[in-house]
Every structure is written in C-alpha cells, then in structure tokens.
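Take a look at the structure below.
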C-alpha cells in the first residue's frame, strides 16, 4: 500500500503520482465545464460520455453505492479499454472480497466507506495465481500461456 | 472428457482457499451475513429451509466414474447419504454444515470438480445436450464450446455482480434437449452455406415469473469470435439490465423492454469495439479443448441385435435408450423416477453403482440430464441386457423415460425456502396413479413438470402438462397448465383455470390425459393434440 | 403468539429461541411478541444464530405450533423423508404438519 494519503486514512492507491487535490464532480457537471480534472461516475452514468475528454482527466471515481451493483466494473473496463491512464478509484461500498476483480478491471485506487483490513487485502490481492480472461489489468490469460 | 491441466487445477485450488478464508471470516464475525451471502452463493452454498444446501457444478452435465464416486462419498461423509440431481444438470446436497464447506470443496477439487458460480448473480454452470458426443442427430459435439465458455465465465472480473443470475446452454443439434431457448443465452452450433461452423445466439429466454422464449439475435457468429460475442452480450446486460427490481432484472426483461433489435444493435457495437481488445482465445485453444472430446474407441461392427424375449427388458430398451452415432451402440438412460419416488434423488449406493456401470459399459462416462435422470452415453447394444439386469437389481431399472411418470419436480416446500407448495408429493402421487391405472403406455411421450413456486425451477411453463404450486391463504394449491415445450418446438404452457388441492390436481392431470386419449389422432402426442384442439375441450372436462 | 427462529451459524440447523438459548425443537420456543427485533439483533450480533426472524404460532396440545405450513415443515423436516425429520417414529406427525 503505497502513498497512503494522510488526510484520508481509508484511501489506498497503487500509483506513484500525487493524488488529485480537488473533489470529483458529477459526470453532468464535468461535461458542462472545462476545468475539472476529477469526475465521479455513478452506476447509471455512461462512462463512454467521458471518452472524448480523457486527456484532461486525472481521477475517475467510480461509485459503488452497494457492493452488489456491478455496473462500475464495466465503467472501469470501458475507460481502460479506451486508453485512460489516470487514477481509477473505486469508492463507496467497496469490500475486501471485491477488490481482486476490481483490480482486474483497471481500478488502481480504493476509497471504501469502511476501512479494509490490511492483511485481508493482501491475501485477497494475491489470491489468484492465474486468470482465465483478458482484462484491463493486462495479466496474461491462461489460454495465452497454454499457447505461448 | 475434459481434464484439468495445472492451470485449471490452480484456479480451483485457489477458490477452495478463498472460500475457506471467507467462511472463517464469517464464523469470526468479520463478515456480516449480508456481506457473506453473495460470496457463499458464488460457491453454491445456500441457506435453505432446513440447513445449508450445497450445489455442485457438473459442467455441461458430464462426469466420469471417479467424480461420481466422489459425489457419493461427499453425500455419505458430509450429508445424509443422498444427493439431488437438478434441472440444470448439477447435484445438490441438502444438509451441509458451513464449517464443513471448505473441506467439501477441497474433496471436490481432488477430482476436478467445484461449486463455483452455481448460484449468485453471475454466469452459472453451462448446460448442454445430455447426449452430446453420442447422439446420431448432432452436427458436432457441443461440449468443447461449452468448456471454452466455462473457462471464460469462471471468475469473470466484470460479470460477477450482474443484475441477476445468468444461464447459458449450448447445443449442436436441431433437436433441442437442453431447453436452449429458455436460457439467458442459448447457443446452437450450426453450419453456414459455406460449410463453416459457427454459433447462433438466442438471447433473453427464461422461465421464472415472466417466462419468455429467446429470440435469435445472431444467426452466425464465427467460432473464433465466440467468446468476444458472449462478452458483448454480457456487457450490454451488465450495464443496462434493470437493478431496481429483482423480478425484472433478468436479461429477458432487458431484451423485451429494449426490443431484440435495439439490444442486438448495442451488442454488435460492443462486439465491434471488443474485437480490438484481444479477449478471444486463439483457435488453437478451442482445438486443444476439442481433443478431450474425441470419440472413444468404439468397436467396429458391434452387433445391433437385441434379444427381445424378455418383455420387461424390451420395454426398457424401447423407452430408455437413444440412437447413437456409432453402429451397435446406444445411449442408455438410468431413470431416477421410480414410481412413488423422489424425482432426481440418488443415494450414495446408487451413485456408486451408476459410476461402476459407467466404467464397465460406457467408457467411464456419465451425464446428468436436465430431466433429472442419468445417461450412460456410449453403451454397446450387446451389453444392454447385463446393464439392465444390474439396474433392475438396484431398483434403477424404471422404464419410463419421457412418459408421464418421468416427472421433473423442483424440491418444493419440502426443502426450499422460496417454495409455496410441495412438489415432490404431487409427483409421487401422479406417478403412482398412472402406474396403477396402466395409462402410461397409452399416453406415450408426455412431459409433466412441477414447480412449487413461480420461480419455475421445475420448468412448469415448459411442460406438456405443467403444475404450479401456490399458497392460497396458507394452504397449498396447484394450478394446471397445458401446452408447454422446452424442445425445438418450444412454447409456453397456459393455465387451465382455477387451481386444485393436492388430491384434486392428481385427478385433474388424469382428466386432461383422458381428454387426449379420447381426442387424439394417429401419431399425435399429448402436445400435438392440445395444439390442434386447443384449451376448450380440456377446460370443459376439468371444470364442466 | 410470535416465536423466533433462525439457523445455527456453523451447522445451519434450524433453531428456536427458548428465552435463554436456541433449541432444535419448536416445542421449546417462547412467545417473543414485542421483543423479537431486539432479541434477534442481539443474538445475531453475538453469532449465536444466523438470519433470525419471527413467525406466528399458536399453542397446540400445550406447545407452540407454527401457524404456516412452511414453518411447520421447517420445524420438522421434509415430509417426503420422514426418516430425516426430527420425529421419524411419531405416527401422528403428519397431522401436526399438514
């Protein structure tokens, strides 16, 4: 867990750059104004609306109001598939048992409502020795290793 | 059949470790039940009416004798000596302890089995034709495609928190033995005019409280785009499927509300985008998987002659065997529907016998049918009498495949916390009634399916005769439906009228059967007669 | 009357609140009308029970009997496998359930 932010003790980042220092705006206000570099994507938002503006984005927060609402995984994949390189942060009801899949979908920061147990987090993130699918994390799928 | 390599094994082993850890955190109180529930469900563990229930995946219904032995051992070691084969070709155990669940998963992993994604809002175990690789009428063996999709859908990072459960069936014959068009995605492997193999995609079927028949959204997806197209179908669903109401969250509602055309347009756009993402395994991977499904070494010139001097044996052969692609072979069905028995239940002892018979007579292979019976797919005709004799001795020789006694029934209120009425006693009484009145033979092919609630696990919408149990002011009540089919002539059954009590529904089924016997023309099944004469004569006889 | 039921967290067995503990037998259940939520919360928090909820019951032959057939089957076991129920040898159990 690098760069544990001092003002926010639940924020976990897997990036070396400095976190954005201003609050994320909604997708609607982001599309209306040109200055914001941080946006917050709600489950019902269409992440593709952000694609024309990726170069001015440094932080995309994807909100999980309830951990069982999986739309945020697709939002993350869509942004990474389009080449978004900035911070992709899962916020809200983010639990330790979901973080491994979130990492696979391209999230590189977590700001959960309830703090994650550090040991459980390490265990969860080192759980999968292999992966069956290609995804935003660019891990080599099993099928690729089989035919290397 | 497919065998794990070190990668598959590593994934299943990791899952065992993960679930042990999750169960431990639940027992320690680090996870609430609300948090634990989706995790245990994704490992097939329910909290049912009496205890925890574990559903074990049997991918596309195929297993070998070693695996069947392991299932028998688990029933004995951790449960109460029996298991229940389900309408999605799986097996479930009714009396599991949470503290044993990790050990059971470990025992399963030893024989290349698991309970991964057998419940929860994720892509479930993929089902297929129970005669795959054996049927005379199939184009190719559909199971390699099912296995390719099994690997793609296992631990899928983007599609593990879908709006609702997601079921896929794959077939490769014009005869549909897997209720393909009543799945979230039904795939039929087909050949195009150029002679190339591809996949037809049917999306948005399902039973439950709003039954729908899946429309064909793509007639031909090339085989080297199969995973990509499935991924596109799922992404559109994950993003746009309804999450405001769990009863409207299945993909059938999305396809219905959006319209099949618009859904297809969005899938195609997503597909075009995904083609550049490199998510499709190389064709060599499909070829690797295919090598596991090559034909066993069938004996050349095996005799197709049957000694029919024993009428009981002859009846069993006529009813319980299916045409095989190899001369001198058949697929033989072991009925788990003894008269008065519990549909789909098998004891450990019966499982072991079926495993041993598979080893002796069927190249070590067994299949689970969605109709809750077991298939020995490759049996020499010359061995049929010995096989039947062994089954008869063990009480597994019922000659009633596809008859009115071959009833699909969900566990119902005897086991299920969602049920409104008991299904099993109704099934027992109907099979007893028709065994006693001798009408089974005259009725011929008649599919009777019973669900104990509108979730329709007993496929009542798809029964030639369907029965739906409801709760009428605290009393079990049963509605009668007619005219459904899950096969290639797929249709949804219609309710006849007011419901019946338990005794009344058994009488009502007999009344409907009698209308058919009176009205049928040559060669007509019950379903054909119903389609020709309509509901009115049945209503008249039932409610007069 | 209202009685409180749930499952044992480890074994999954159906259990009933007796006023001080959890029993496998519905006959041991006590009326919790008015305090069901509080007991359920407390007992679940201490993991002595999983997913507790209250149901309606009546006194039958001096003992609580759940009002709804589903809860009676739950209390006893599957009607199609009397051998697996809590009272495999009781000849009158059928009338108690149905």
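Values computed for the structure shown
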quantity: Pairwise label distance in nanometres, residue A:37 with residue B:532, each label 7 Å out on the Cα-Cβ vector; calculated: 7.8
quantity: Kirkwood Rh in Å, taken over segment B:487-544 so that all alpha-carbon pairs contribute; calculated: 12.2
quantity: Spin-label pair residue C:24/residue B:174, simplified geometry with 7 Å Cα→Cβ offset, distance in nm; calculated: 5.8
quantity: Most mobile listed residue (A:127, A:71, A:40) in chain A, GNM with C-alpha springs under 10 Å; calculated: A:127
quantity: Cα pair distances in the protein assembly as shown, grouped into 20 Å bins until the bin that holds the longest one, percent each; calculated: 15, 47, 32, 6, 0
quantity: Cα gyration tensor shape of chain C, rounded if a/c is under 1.5, else prolate or oblate by comparing a/b with b/c; calculated: oblate
quantity: Overall Cα dimensions of segment B:102-221 - principal axes, largest extent first, Å; calculated: 50, 34, 24
quantity: For segment C:55-74 and segment B:94-133, distance of Cα centres in Å; calculated: 35
quantity: DSSP-defined antiparallel bridges as percent of all bridges, the protein assembly as shown, nearest 5; calculated: 70
quantity: Computed [θ] at 222 nm, helices only, for chain B once each DSSP H run of length n ≥ 4 contributes -39500 (n - 2.57); calculated: -11500 deg cm²/dmol
quantity: When the convex hull of its Cα atoms is projected in every direction, mean area for segment B:142-290 (nm²); calculated: 8.8
quantity: Calculated on alpha-carbon atoms, Rg and Dmax of segment B:408-543 in Å; calculated: 13.9, 44
quantity: Gyration tensor verdict on segment B:419-468 (Cα atoms; rounded if a/c is under 1.5, prolate if a/b is larger than b/c, oblate otherwise); calculated: oblate
quantity: Over segment B:340-414, volume per residue of the alpha carbon convex hull, in Å³; calculated: 100
quantity: Cα-based equivalent ellipsoid, segment B:216-257: semi-axes from gyration tensor eigenvalues, Å; calculated: 24, 11, 6
quantity: Equivalent ellipsoid semi-axes - Cα gyration tensor, segment B:6-110, angstrom; calculated: 22, 17, 12
quantity: Cα point-scatterer Debye curve for segment B:24-172, base-10 log of I(q)/I(0) at q = 0.11, 0.13, 0.14, 0.20 Å⁻¹; calculated: -0.44, -0.60, -0.70, -1.30
quantity: log10 of Debye I(q)/I(0), alpha-carbon scatterers only, for segment A:102-148 at 0.14, 0.19, 0.29 Å⁻¹; calculated: -0.44, -0.71, -1.13
quantity: All-pairs Cα distance distribution in segment A:1-87, expressed in whole percent, bin size 10 Å; calculated: 16, 49, 33, 2
quantity: Bridge type composition, chain B - antiparallel percent by DSSP, nearest 5; calculated: 80
quantity: GNM result for chain C, Cα springs below 10 Å: residue of C:73, C:59, C:39 fluctuating most strongly; calculated: C:59
quantity: Structure-based [θ]222 nm, chain A - -39500 (n - 2.57) summed over DSSP H runs of at least 4, per residue, nearest 500; calculated: -6000 deg cm²/dmol
quantity: Two-site label geometry, residue C:86 and residue B:489: point separation in nm, points 7 Å out along Cα→Cβ; calculated: 5.0
quantity: Value in Å of the Kirkwood radius, where segment C:34-76 supplies the Cα pairs that are averaged; calculated: 11.7
quantity: Segment C:45-98 - convex hull of alpha carbons, volume per residue in Å³; calculated: 111
quantity: Cα extents of chain B along the three principal axes, largest first (Å); calculated: 61, 58, 57
quantity: Helical contribution to [θ] at 222 nm, DSSP H n ≥ 4, -39,500 (n - 2.57), averaged over chain C, rounded to 500; calculated: -6000 deg cm²/dmol
quantity: Where N is the number of residues in segment B:237-293, Cα Rg divided by 2.2 N^0.38 Å; calculated: 1.58
quantity: Debye intensity ratio in log₁₀ form over the Cα atoms of chain A, taken at each q of 0.14, 0.16, 0.20 Å⁻¹; calculated: -0.66, -0.86, -1.30
quantity: Relative exposure of B:183, B:460, judged by other C-beta atoms within 10 Å (fewest first); calculated: B:183, B:460
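Every number here is computed from the coordinates shown, using simple stated rules; none is lab data. All values derive from a computational prediction rather than experimental measurement. Ideal geometry is used to build each Cβ from the backbone, glycine not excepted, and the neighbour counts take in all protein chains shown.
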